[in-house]
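Accompanying notes for the structure given below.
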Amino acid sequence: MSRTLVSIQPGESARVASVGGEAGAARRLMDLGLIRGTPIRVVRVAPLGDPIEVSVRGFMLSLRRAEAEHVVVD
Amino acid sequence: MENSSTGSLATTGLAPEAGPAQLTSQLRVALIGNPNTGKSTLFNALTGMRQRVGNYSGVTVERVEGRYRRSNGTAVSVLDLPGTYSLSATSPDEEIALTVLLGLAPDLPAPDVVVLVVDASNLERNLFVVSQILELGLPVVIALNQVDTAAAAGIRVDSVELAMQLQVQVVETVATKGQGIDVLKRAIERASALPLPERSFELPAPLFRAVQPVEAVLVQAGFHPSTAAMEALRLLAIAPEGHLAGIPGLEGEAERARTALEEAGYNARAVEAEVRYGWIAEVVEATVHRFGSAGSSRTDRIDAVLLHRVFGPLIFLLLMAIVFQSIFTWAEPLMTAVEGLVGGVGNLAGSALPEGDLRSLVVDGVIAGVGSVVIFLPQIVILFLFIGFLEATGYMARAAFIMDRFMRGVGLHGRSFIPMLSGYACAVPGIMATRTIENPKDRLATIMVVPLMSCSARIPVYTLLIGTFIPPIAVAGIFNLQGLTLLAMYFLGTAAALVVAGIFKKTLLKGPSQPMIMELPPYRLPNLRSLLLTVSHRAGLFLRRAGTIIFALTIVLWALATYPKTEVVADVTDGAAQEQQLAGSILGRAGQAVEPIVRPLGYDWKIGVSIISSFAAREVFVATMGTIYGVGSDADETSVALREQLLAETDAAGTPVYTPLIAVSLMVFYVFAMMCVSTNAVVVRETGGGWKGVKWAAFQFLWMFVLAYSAAFVVYRGGLLLGFAA
Ligand SMILES: Nc1nc2c(ncn2[C@@H]2O[C@H](COP(=O)(O)OP(=O)(O)O)[C@@H](O)[C@H]2O)c(=O)[nH]1
């Protein structure tokens with residue numbers, strides 16, 4: 001049973017296992033350092049419920065749930 | 001494709017009296033790095049105010065160039081490449097950066113030296129693009145910028161160790177204070193003489209074996225071996241597009257490499273990022289030292305409020321309300337001043353020139369026409385200031401974060417919100433602000449609909465028609481019908497903008513849904529100098545673009561309204577003379593000729609003339625109505641004489657020409673119609689310029705006109721059917 005980034009509650013952390021989904025988006029996330037083993041923390045959810053903000057490698061990134069669903073964590 | 005390092009050998013023996021410096025052609029430097037590293041600030045520190053801004057041919061990526069002089073008098077040209085996180089070419093910005101660095105851009109040779117701007121407070125992510133660029137076979141200098149911000153965050157980067165690790169020169173800089181700039185210039189001079197940087201990590205054996213054949217194909221196609229190695233790794237994750245498209249056998253080899261890797265237990269798509277970040281981890285380990293506690297940062301604390309579930313949107317709305325309130329209140333006195341100035345210049349020219357056509361051309365044509373553009377400059381500049389401020393502080397990305405869910409409803413990105421909102425003041429800054437939208441299709445869709453937001457040039461038209469024809473009766477006790485009508489016009493434009501954007505995104509500008517992966521940069525206090533530089537550059541751009549076209553068009557319109565001359569019967573008032581003159585002119589006759597076209601909307605030829613004359617700028621409608629109704633061209637939207645004239649106007653049969661229904665239909669026409677040459681000019685530039693831009697602008701003009709006509713028709717005919725005749 002693999003968990004994805006969307007199931008992580010704000011304030012909680014996990015490690016990236018893999019990034020899938022549409023090639024361009026996956027590529028961009030990996031370029032930004034979301035690769036196997038990278039610690040990632042969900043900071044908050046936008047007021048309207050989407051997108052979400054994560055903290056990774058010392059910077060803040062926002063991505064939509066649709067993209068976060070393809071980030072598998074463990 | 002080989003990087004030909006200009007050997008000084010070629011110069012020996014030539015013209016012995018000239019020093020080598022004069023013989024070497026100008027040195028070309030390119031700046032590149034992640035967004036928000038301080039690249040533009042560094043560029044300004046290097047080149048001073050001497051910069052030129054254009055576009056890369058065919059795309060709307062901004063091309064910023066400047067130069068500085070060396071001590072020996074020769075020039076160094078500096079190109080500020082768009083900010084990029086990688087060379088993966090998943091966005092137009094990255095594609096441009098890569099093609100320029102490879103020397104494949106149409107009108108740009110490859111740079112002689114690449115200055116990689118790196119943010120010391122975020123070395124890890126910044127090193128990704130560095131590791132790619134080190135493999136391009138170009139001389140590189142690293143500008144380790146923001147060492148002050150890093151120190152404040154408890155981070156020290158050992159620049160000597162970094163230089164050792166990367167085998168290139170590393171210069172510490174604080175671009176905002178100009179620190180390290182001289183050292184950087186010296187490093188740039190030395191760079192070409194040093195050995196070229198190359199990949200400083202080894203690929204795991206299976207990966208090495210897998211990419212070998214891909215590299216071979218690329219070398220065969222003319223790539224530098226080192227560049228080929230970079231491109232081969234990149235190709236594991238992407239299809240050969242852009243400059244790699246059409247290389248025979250490339251995709252086949254890449255596919256074989258991917259299969260081989262998957263069989264060896266690798267994730268082919270992730271492997272480049274994994275090997276690069278693996279190497280980066282070692283470099284960071286050796287060079288980055290943290291001291292002090294990493295408590296919650298200032299940005300965290302600010303975001304806890306500004307992105308709060310409840311307060312976030314409230315603050316956002318409040319901020320937008322303040323912005324708009326100040327645009328209108330601050331701009332008001334400035335606009336009056338501009339108006340006075342234009343009037344003064346007109347009077348001056350009027351008294352200096354003899355009575356006659358030349359005077360009329362200069363005063364009524366050129367000065368009045370250019371005045372109609374300049375009058376909006378205060379609003380535009382104030383809006384540019386706000387947008388620039390929001391960008392520089394880092395709030396712009398937060399606004400997109402808050403509004404993204406809402407904008408996604410019509411297939412757009414959160415970043416489209418502020419440009420559309422700006423459209424309420426003026427479409428020009430709104431359209432220019434779409435540059436922050438990364439995806440070209442989202443950008444185009446936004447550009448297409450921004451002019452539907454009711455801008456301030458429509459206010460005079462609304463004011464005249466509402467004030468004259470809509471009775472100020474109370475509705476539901478507290479509302480006023482006049483106010484409600486005005487609100488309805490704003491609502492209509494906004495709703496149409498959202499709906500049309502949605503339609504475009506589903507049809508013409510359809511594409512795979514675009515990711516919204518966006519950095520939320522740390523908050524910063526904006527640098528006043530660079531803010532003013534940005535604003536003046538954008539305002540100048542607008543004046544040049546719109547000014548020249550308006551200038552030409554107003555002369556044409558003036559001529560159409562002036563010729564042929566009508567013999568005016570003596571002893572009539574000035575106003576009546578103007579009226580007769582206009583009726584007999586080409587413009588007046590054109591109005592009569594188009595009457596059959598506007599008749600179905602309930603308009604007569606006089607309204608037709610006013611519409612034609614307001615093609616350049618909407619607010620001209622009011623002045624033309626003033627002329628046509630003989631109250632003089634200086635009538636404004638609150639002129640009592642003009643209002644009385646309109647109410648009293650009857651046709652041959654004695655029925656009133658204007659009814660509230662016609663007034664509403666006319667307003668609806670102005671809600672949708674694209675009657676603004678300044679906007680057209682800006683759209684041409686922002687959709688790619690040249691012929692391509694002209695096509696987009698013409699398309700926009702046409703669909704907006706069709707929409708305006710149909711909507712006005714529906715309102716008028718529908719109103720008649722519902723019995724709103726009188
Ligand atoms: N403290 C500090 N701020 C800097 C430095 N360089 C740039 N900045 C600020 O960082 C922000 C982003 O800079 P800019 O040049 O626009 O970044 P670009 O996106 O890389 O072009 C601006 O607010 C600059 O004033 C620096 O060396 N130190």
**Request:** Please turn the phi angles of the range B:183-194 into ³J(HN,Hα) values with the Karplus equation 6.51 cos²θ - 1.76 cosθ + 1.60 (θ = phi - 60°), one per residue in order, whole Hz, x for glycine and proline.
**Result:** 4, 4, 4, 5, 5, 4, 4, 6, 3, 5, 7, 8
**Asked** How much of the accessible area of the range B:133-279, probe 1.4 Å, is carbon plus sulfur, in whole percent?
**Response** 54 percent
**Item:** Residues with amide H under 5 Å from that of B:Gly33, placed H, sequence gap 5 or more
**Value:** B:Thr84, B:Val117
**Prompt:** Using modelled backbone amide H atoms (1.01 Å from N, in-plane), which distant-in-sequence or interchain residues come within less than 5 Å of B:Gln179's amide H?
**Reply:** B:Val174
**Item:** Calculated Rg and Dmax of the range B:163-228 using C-alpha coordinates, Å
**Value:** 17.3, 49
**Prompt:** At a 1.4 Å probe, which residues in the range A:35-74 are at least 50 Å² less accessible with all protein chains present than in their chain isolated?
**Reply:** A:Ile35, A:Arg44, A:Pro47, A:Leu48, A:Asp50, A:Arg57, A:Phe59, A:Met60, A:Ser62, A:Arg64
**Prompt:** Which value, in Å², gives the accessible area per residue of the protein assembly as shown when a 1.4 Å probe is used on the protein heavy atoms?
**Reply:** 43 Å²
**Item:** Drop in accessible area of at least 20 Å² in the complex versus isolated chain, residues of the range B:515-541, 1.4 Å probe
**Value:** B:Pro515, B:Met516, B:Ile517, B:Met518, B:Glu519, B:Leu520
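Exactly which GluC sites (Glu not before Pro) in the range B:488-597 are in a DSSP loop and have at most 15 other Cβ atoms within 10 Å?
Here the GluC sites (Glu not before Pro) that fit, given the DSSP loop and packing criteria, are B:Glu567.
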**Request:** Compute the long axis of helix B:311-352 from its Cα atoms, compare it with the longest principal axis of the Cα atoms of chain B, and write down the angle in degrees, 0 to 90, nearest 10.
**Result:** 60 degrees
**Message:** Full-extension gain between B:Phe491 and B:Thr566, please, as 0.36 nm times their residue separation minus the C-alpha to C-alpha distance.
**Reply:** 22.6 nm
**Complete:** For chain A, the percent of accessible surface on carbon and sulfur atoms (probe 1.4 angstrom, ligands and nucleic acids excluded) is 52 percent
**Asked** Taking B:Lys695 as the anchor, which lysines have their alpha carbon closer than 16 Å to its alpha carbon, excluding any fewer than eight residues away along the same chain?
**Response** B:Lys441
**Asked** In Å, what is the Rg of the alpha-carbon atoms in the protein assembly as shown, and how long is Dmax?
**Response** 30.6, 100
**Item:** the range B:355-367 - phi-based ³J(HN,Hα) in whole Hz, Karplus 6.51/-1.76/1.60, Gly and Pro as x
**Value:** 3, x, 5, 4, 4, 4, 4, 5, 7, 7, x, 5, 5
**Asked** B:Ala337 to B:Ser200: extension gain in nm, 0.36 nm per residue of separation minus the Cα-Cα distance?
**Response** 43.0 nm
**For a label point 7 Å along the Cα-to-beta-carbon line of B:Val305, residues of the range B:320-361 with backbone N under 19 Å** = B:320-323
**Chains B and A, summed buried accessible surface - 1.4 Å probe, Å², nearest 100** = 3500 Å²
**Request:** Select from the range B:260-289 all residues whose loss of accessible area on going from the chain by itself to the full protein assembly reaches 50 Å² or more (probe 1.4 Å).
**Result:** B:Arg269, B:Glu274, B:Tyr277
**Item:** Alpha-carbon centroids, the range A:1-70 and the range B:529-545: separation in whole Å
**Value:** 37 Å
**Message:** Can you give me the % of accessible surface on the range B:544-721 that is carbon or sulfur? Probe 1.4 Å, all protein chains present, nothing else counted.
**Reply:** 68 percent
**Prompt:** How much solvent-accessible surface does B:Lys695 expose, in Å² to the nearest 10, with a 1.4 Å probe and all protein chains in place?
**Reply:** 120 Å²
**Request:** Rank these residues by their accessible area, most exposed first, probe 1.4 Å: B:Phe713, B:Phe384.
**Result:** B:Phe713, B:Phe384
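The values are calculated or read from the model by the stated rules, or taken from the named source; none is laboratory data. Bear in mind that the values here come from a model prediction, so they are computed numbers and not experimental data. So basically every Cβ, Gly included, is an ideal-geometry build from the backbone, and we count neighbours across all protein chains shown. Surface accessibility is based on the protein's heavy atoms, side chains included, excluding ligands, DNA and RNA. Shrake-Rupley method; radii C 1.70, N 1.55, O 1.52, S 1.80 Å.
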